[in-house]
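These notes concern the structure reproduced below.
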Amino acid sequence: MLLNVSDLQTHFFTDDGVVKAADYVDLTVEKGEVLGLVGESGCGKSTVALSILRLIPKPGKIVGGRIEFLSQDLLDLSQRAMRKIRGNEISMVFQDPTASLNPVLSVGDQIGEAIRIHQNVKKRKEINARAVEILQKVGISDPRDRLANYPHELSGGMQQRVMIAIALSCQPKLLLADEPTSSLDVTIEAQILNLLRELQQDLELSMIMITHDLGVIAEISDRVTVMYAGQRVESATVTQLFENPLHPYTQALLEAIPTTEHAVTTIETIPGKVPSLVNPGKRCLFSPRCEIATEVCKSTLPESKRVEEDHIVACHHQGGPDRSGGCHEE
Amino acid sequence: MKKKYIIRKLLTAIPTFLIATIILFSLLHIAPSGPVEIMVRSSGKTMDPGMIEELRSQYGLDKPLHQQYFRWLSNFFTGDLGYSYVTNQRLNSILPEKILLTLELVLVANVFSVAFAVVLGVIAAVRKNSFLDNFLSSFALFTYSMPLFWVGLLALYVFSLKLGLTPVGGVTSLGKDFTGFAAIADNLYHLILPASVLSLAYLAYYFRLIRSSMLDVLNKEYVVAARAKGVKELAVIFKHALRNALLPLITLFAVSLGFVLAGSVVIETIFGWPGLGRFLVTAAFNRDYTALLSLNAIIVIMVLFANLVADIACAYVDPRIKY
């Protein structure tokens, strides 16, 4: 196992109270595997990714859990040791490439930086040669000329390719892709997804693909973890999840995908809104929006249960009143 | 491309200069009384109207205003700054030294304030809401709220009179003939207190700007992205954040040069620093037309030049600015 996050608790200590952005989150990534991490905005997906890199901004803090990467707990490492992991063993691609590239540094500078830090290459010529090589790999034409360009001179799709090039410049083992396509045009989105999938297969890269788009998940991931309000509600293989979703939230998400089979008059939505993560209380956090919620849902936090090999769900009813029982506790 | 940009900026400075000097010229003439009247009054004698008229025509003050303005303008650009009615000296012979003295004071004060402001502003932003940040921010507010002349007098009283650390005023020690390095050291010894006082007010100003600009930049995604690359925290702050945070300061630096020059008027008066500022005050009291006009025109040119330098610096630091 490459990455094993268990009981991760990342809290933000705000003036309004403690926001439990990630509350007892478990997830695993095998070598060469793509894990999809799905959920609505603000459900803690990005918090999980930033926690893995230990880059949670103040007033946030990782208050509990373990993040085992290659059998060592990243939470035990010194800042110095952590810096050797970031960008080298684990790297990240952000949502908005325009915002995540530094506007005053050239493309060559920004790619070269990671190479210089981690690969012990000091000569400018050699750094540039490597940067050109990686730019070629992410499908940028005339890579040598691009080195002198500044981010604003490139299109959004090109910028995201540069971000991917930066992330992959040191051959990391794990790539965290935080909604890498959600700020791009639909056509560009498809290109970037294809690129990520090709690179993932070529380099046997492990990847966590964070998205709120189940279409993206279907296309690229092997397994999926669904998060709701800072908690993991379901985890399964892609096939299991799409064929047999057990958590009412997952079911609702799947129903909310517009299809072209029927003429769409209204778009399905999930009624209600995400609860406040300040003192959410001991209950199923989805229960206020859940159609099958009963008394037990409003008073007890559901435990995660393993219903099948690779299929875990945290629901008192496991997706329907008729399906309870007949499973073993995880 | 860069050359074209600089030329374009220079060309836009010309109308600014003309408008500024026309306004200055008009203001001087709107003010009641004139130089001849003041000369007569200060001499304590009475003079018959015929002689006043004669004096006015001797100085060209009876000509239409636009003719007076164009005469001054053409003289100014051929390098003739005019003649001070009050000191009876050619401005060409007295102004260069005063300009150099003021530039020395203003530049040293500005370098002080910017250098300290950047260092302290970065520290305060990185340690946001810490004791140090709160202390620095309150101290900045404190110095910013104090009038410059009062800080100047206080500094004179404490450092010069009570502690005897610095000279009371002037540019060099009287009666001593230093040469070479000793002369420079003696000059700096006299400069240190007025420059520090002048820098204090702007230090607070720049500090608050750098702090807020840094706080803004430190929250940007590219700063997180830099950390995610494994960049060391110091490099994150100075290479990735500070370069972006400095952009507003560069522009402000040029704009505030005018204010710093105005501040130097107060400081020069208090510390007996015989620069432009002190001369400007004397000229204003004596309604020394040509001196005021030429002096202000020089200040306008200095501010315009500083803005030009800032524009070029901005274009150099920020690649998004189109030439």
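Looking only at segment B:81-105, which residues are modelled with pLDDT of 85 or more, surrounded by fewer than 15 Cβ atoms within 10 Å (Cβ to Cβ) and farther than 30 Å from B:L200 by Cα?
Step one: filter segment B:81-105 for residues modelled with pLDDT of 85 or more, giving B:81, B:90-105.
With surrounded by fewer than 15 Cβ atoms within 10 Å (Cβ to Cβ) added as a condition, the list becomes B:90, B:92-93, B:96-97, B:100.
B:R90, B:N92, B:S93 - these are the residues of segment B:81-105 that are modelled with pLDDT of 85 or more, surrounded by fewer than 15 Cβ atoms within 10 Å (Cβ to Cβ) and farther than 30 Å from B:L200 by Cα.
Does B:S173 meet the test of being surrounded by 14 or more Cβ atoms within 10 Å (Cβ to Cβ) and at pLDDT 90 or above? Don't jump to the end; show me each part of the working.
Values: surrounded by 14 or more Cβ atoms within 10 Å (Cβ to Cβ): yes; at pLDDT 90 or above: no.
When the stated conditions are applied, B:S173 does not pass them.
For segment B:185-220, how many residues meet the condition of being more than 14 Å from chain A (Cβ to nearest Cβ) and of a type in the set (S, T, N, Q)? Write out each step before concluding.
First, the residues of segment B:185-220 that are more than 14 Å from chain A (Cβ to nearest Cβ): B:185-212, B:214.
Those left that are additionally of a type in the set (S, T, N, Q): B:187, B:196, B:199, B:212.
Counting residues in segment B:185-220 that are more than 14 Å from chain A (Cβ to nearest Cβ) and of a type in the set (S, T, N, Q) gives 4.
Can you tell me how many residues within segment A:162-196 are among the charged types (D, E, K, R) and in contact (Cβ under 8 Å) with a residue 60 or more places away in the chain? Lay out the reasoning, then the answer.
Filtering segment A:162-196 for residues among the charged types (D, E, K, R) gives A:173, A:178-179, A:185, A:189.
From what is left, the residues that are in contact (Cβ under 8 Å) with a residue 60 or more places away in the chain are A:173, A:178-179.
The total comes to 3.
Tell me whether segment A:289-298 contains one or more residues that are among the hydroxyl-bearing types (S, T, Y) and free of Cβ contacts under 8 Å to residues at least 24 places away in the same chain. Steps first, please.
Filtering segment A:289-298 for residues among the hydroxyl-bearing types (S, T, Y) gives A:294.
Adding the requirement that they be free of Cβ contacts under 8 Å to residues at least 24 places away in the same chain leaves none.
The answer is no; no qualifying residue exists.
Okay, residues lined up against (1) within 29 Å of the chain's Cα centre (by Cα); (2) buried (at least 20 other Cβ atoms within 10 Å of the Cβ):
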| position | (1), (2) |
| --- | --- |
| B:S199 | yes, yes |
| B:Y205 | yes, no |
| B:L218 | no, yes |
| B:R227 | no, yes |
| B:E233 | no, no |
| B:P248 | yes, no |
| B:L252 | yes, no |
| B:S256 | yes, yes |
| B:S264 | yes, yes |
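Look at segment A:131-161 and say how many of its residues are touching a residue at least 60 places away in the same chain (Cβ under 8 Å) and either over 20 Å from the mean Cα position of the chain (by Cα) or surrounded by 24 or more Cβ atoms within 10 Å (Cβ to Cβ) (or both). Give the derivation first.
Here is the first cut: in segment A:131-161, the ones touching a residue at least 60 places away in the same chain (Cβ under 8 Å) are A:137-138, A:159-160.
Now restrict to residues that are either over 20 Å from the mean Cα position of the chain (by Cα) or surrounded by 24 or more Cβ atoms within 10 Å (Cβ to Cβ) (or both): A:137-138, A:160.
Matching residues across segment A:131-161 total 3.
Hey, does segment B:91-111 have a residue that's in contact (Cβ under 8 Å) with a residue 40 or more places away in the chain and more than 25 Å from the chain's Cα centre (by Cα)?
no
Look at segment A:58-97 and say how many of its residues are more than 19 Å from the chain's Cα centre (by Cα), within 14 Å of another protein chain (Cβ to nearest Cβ) and either assigned to a helix (DSSP H, G or I) or aromatic (F, W, Y) (or both).
Total meeting the criteria: 6.
Any idea which of B:V223, B:V255, B:V236 is assigned to a helix (DSSP H, G or I), in contact (Cβ under 8 Å) with a residue 12 or more places away in the chain and more than 14 Å from every other protein chain (Cβ to nearest Cβ)?
Values: B:V223 fails: more than 14 Å from every other protein chain (Cβ to nearest Cβ); B:V236 fails: more than 14 Å from every other protein chain (Cβ to nearest Cβ).
Testing whether each residue is assigned to a helix (DSSP H, G or I), in contact (Cβ under 8 Å) with a residue 12 or more places away in the chain and more than 14 Å from every other protein chain (Cβ to nearest Cβ) leaves just B:V255.
Since A:I115 meets every condition but one in (1) in contact (Cβ under 8 Å) with a residue 24 or more places away in the chain; (2) facing chain B (nearest Cβ under 8 Å); (3) under 19 Å from A:N149 (Cβ atoms); (4) in a helix (DSSP H, G or I), which condition does it not meet?
Going through (1) in contact (Cβ under 8 Å) with a residue 24 or more places away in the chain; (2) facing chain B (nearest Cβ under 8 Å); (3) under 19 Å from A:N149 (Cβ atoms); (4) in a helix (DSSP H, G or I) one by one, A:I115 breaks only (2).
Among the residues of segment A:174-187, are any assigned to a helix (DSSP H, G or I) and either over 18 Å from the mean Cα position of the chain (by Cα) or at pLDDT 90 or above (or both)? First the steps, then the outcome.
In the first step, residues of segment A:174-187 are kept if they are assigned to a helix (DSSP H, G or I); the result is A:186-187.
Keeping just the survivors that are either over 18 Å from the mean Cα position of the chain (by Cα) or at pLDDT 90 or above (or both) gives A:186-187.
Yes, segment A:174-187 contains at least one residue that is assigned to a helix (DSSP H, G or I) and either over 18 Å from the mean Cα position of the chain (by Cα) or at pLDDT 90 or above (or both).
Among the numbered criteria (1) modelled with pLDDT under 85; (2) exposed (fewer than 12 other Cβ atoms within 10 Å of the Cβ), which single criterion is violated by A:V278?
Single failed check for A:V278: (2).
In segment B:146-164, what residues are open to solvent by 80 Å² or more (accessible area, probe 1.4 Å) and either in a helix (DSSP H, G or I) or touching a residue at least 24 places away in the same chain (Cβ under 8 Å) (or both)? Before the answer, list the steps.
We begin by selecting, within segment B:146-164, every residue open to solvent by 80 Å² or more (accessible area, probe 1.4 Å); these are B:149-150, B:153, B:157, B:159, B:161-163.
Residues satisfying the conditions are B:F149, B:W150, B:L153, B:Y157, B:F159, B:L161, B:K162.
The values are calculated or read from the model by the stated rules, or taken from the named source; none is laboratory data. It should be emphasised that the depicted structure is a prediction, and the values quoted were computed from it without experimental measurement. Methodologically, a virtual Cβ is constructed for each residue, glycine included, from the backbone with ideal geometry; neighbour enumeration extends over all protein chains shown. For accessibility, only protein heavy atoms count, side chains too; no ligands or nucleic acids. Shrake-Rupley method; radii C 1.70, N 1.55, O 1.52, S 1.80 Å.
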